[in-house]
Every structure is written in C-alpha cells, then in structure tokens.
Amino acid sequence: MLNQGVPGFKLPIQQVVMALTLIKGDKVDLWVRNMLDSLRSLHLVQHNVLAVWNHFKQEFRTKFTNSTKELRARTQLERLKFCYLDINSYIAEFKDLIVQANYNLASQETINLFLKGFNKNRNLLDKVFTPPVPVSYEAMKRRLIAIVKSMQLVNSIAQDTPNFKGFCGNMTQMPRGNQPTL
C-alpha cells in the first residue's frame, strides 16, 4: 500500500526484490541470496512478467510452509465428527481445517468430508438428502443448520412439556370431588 503509486514497484522483479529485502535471519539468508542471484540472471525488460512474482510466491510457500501442518489438518478432517446439536462448532472447526489442509471448499471431495462428520447421525443425513438435494457446500451447510436448529427447538419444547402420565394412569389417586362423571 505504501508504494502503490511508485512506478518501479509495479514491476514483478522489483516486487520480488522488495519482498526479499524484508526476509531476514540466519536460517533464510542463503535462500534469499540464491533467489537474488537467480533474479540477477533475468533481463529487466524481457523477463519482467507476472510469472516472476508467481514463481517467487510458489518458492516462498514451498520453502516456508509447514508441510506437516497440512498433513495434520487432513488427518483431523478425516476424524472430525459432529457432536449432536453443536453445528456451529463443527462448521467452524471444519472450515479452519480446510484452510490448513489447503483444500478447496467447493470440491466434491471436501463436501464428502463435511458430510462424513455426520456419519453417526443417520437421521440427520437422511433429512439433508430430502429433495431438493443441496449440491454445494454452502447449501449443505445452510440445510444442516436449519435441521439442527429445528431439532434444538423440538428438544427444547419436549423438555418444557409437563409430564401428565401419572395423572392419567390411576383415577383413584385423584382427590374426591374431582372424579370424572361417567
């Protein structure tokens, strides 16, 4: 943002050089030096294309991304299970793990992983797949939230309903004078 209007900073090679000057430390100095050396071999006019910046970003990610973090996130996604009626926590954790695993939220595999977390709740899955069947992650998520909220409401109503079973079973327990007439 600071150098947005400066003409030299619009050039991909200059952007890479600027980024490299900000990367400091004993553990990264050799990598930075090698990247600068490779930039020196480029022609400032012929090679000053967006591919230079994209190459730098890819090299940076490869060098400094924690690959075990992705693997751990993928393993956690495989094991993630929906806890009954806690849909918001499940969705939040799922989204976090998707980002960490570097998965595409719109892919069918990701949607399948999302649904896999509900495999212990067959009744819930059956309700999700009633027509019209949602096909995107967002549509599945909205449907599941609506279903779980409905289930929460039903459970809440059921818990607040008084239990009249004891009153109906034995009419002789009712006080005298309150006996129904036959």
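The values are calculated or read from the model by the stated rules, or taken from the named source; none is laboratory data. This structure is a prediction, so every number in the text was calculated from the model and none was measured. Please note: Cβ atoms are built from the backbone with ideal geometry, for glycine as well, and neighbour counts cover all protein chains shown.
Odds and ends about this structure:
- Residue that is surrounded by the most Cβ atoms within 10 Å (Cβ to Cβ), among those in segment 107-120 that are in contact with a helix residue (DSSP H, G or I) (Cβ under 9 Å, 6 or more places away or on another chain) and assigned to a helix (DSSP H, G or I): Phe114
- Screening Ser67, Ser89, Ser38 for residues that are within 30 Å of Leu11 (Cα to Cα) and small (Gly, Ala, Ser) leaves exactly one candidate, Ser38.
- Candidates are the residues of segment 123-148 that are touching a Phe, Trp or Tyr at 6+ places or on another chain (Cβ under 8 Å) and surrounded by 17 or more Cβ atoms within 10 Å (Cβ to Cβ); the one that is farthest from Ser89 (Cα to Cα) is Val128.
- The set of residues from segment 75-84 being under 20 Å from Ala146 (Cβ atoms) and surrounded by 15 or more Cβ atoms within 10 Å (Cβ to Cβ) comprises just one member, Phe82.
- Filter result (loosely packed, with under 15 Cβ neighbours inside 10 Å and over 12 Å from the mean Cα position of the chain (by Cα)) within segment 86-101: Asp86
- Members of segment 41-65 that are farther than 28 Å from Asn102 by Cα and surrounded by fewer than 10 Cβ atoms within 10 Å (Cβ to Cβ): Ser41, His43, Val45, Gln46
- Among residues of segment 15-46, those that are part of a loop (DSSP other than H, G, I, E, B) and under 38 Å from the mean Cα position of the chain (by Cα), counted: 6
- Here Asn104, Asn123, Asn163, Asn155 are screened, and the one residue that is at pLDDT below 90, outside any helix (DSSP H, G or I) and either over 30 Å from Thr65 (Cβ atoms) or within 26 Å of the chain's Cα centre (by Cα) (or both) is Asn163.
- Look at (1) modelled with pLDDT of 90 or more; (2) farther than 30 Å from Lys141 by Cβ and you find that His47 fails only one, number (1).
- Residue tally, condition farther than 15 Å from Tyr137 by Cα and outside any loop (DSSP other than H, G, I, E, B), over segment 78-96: 3
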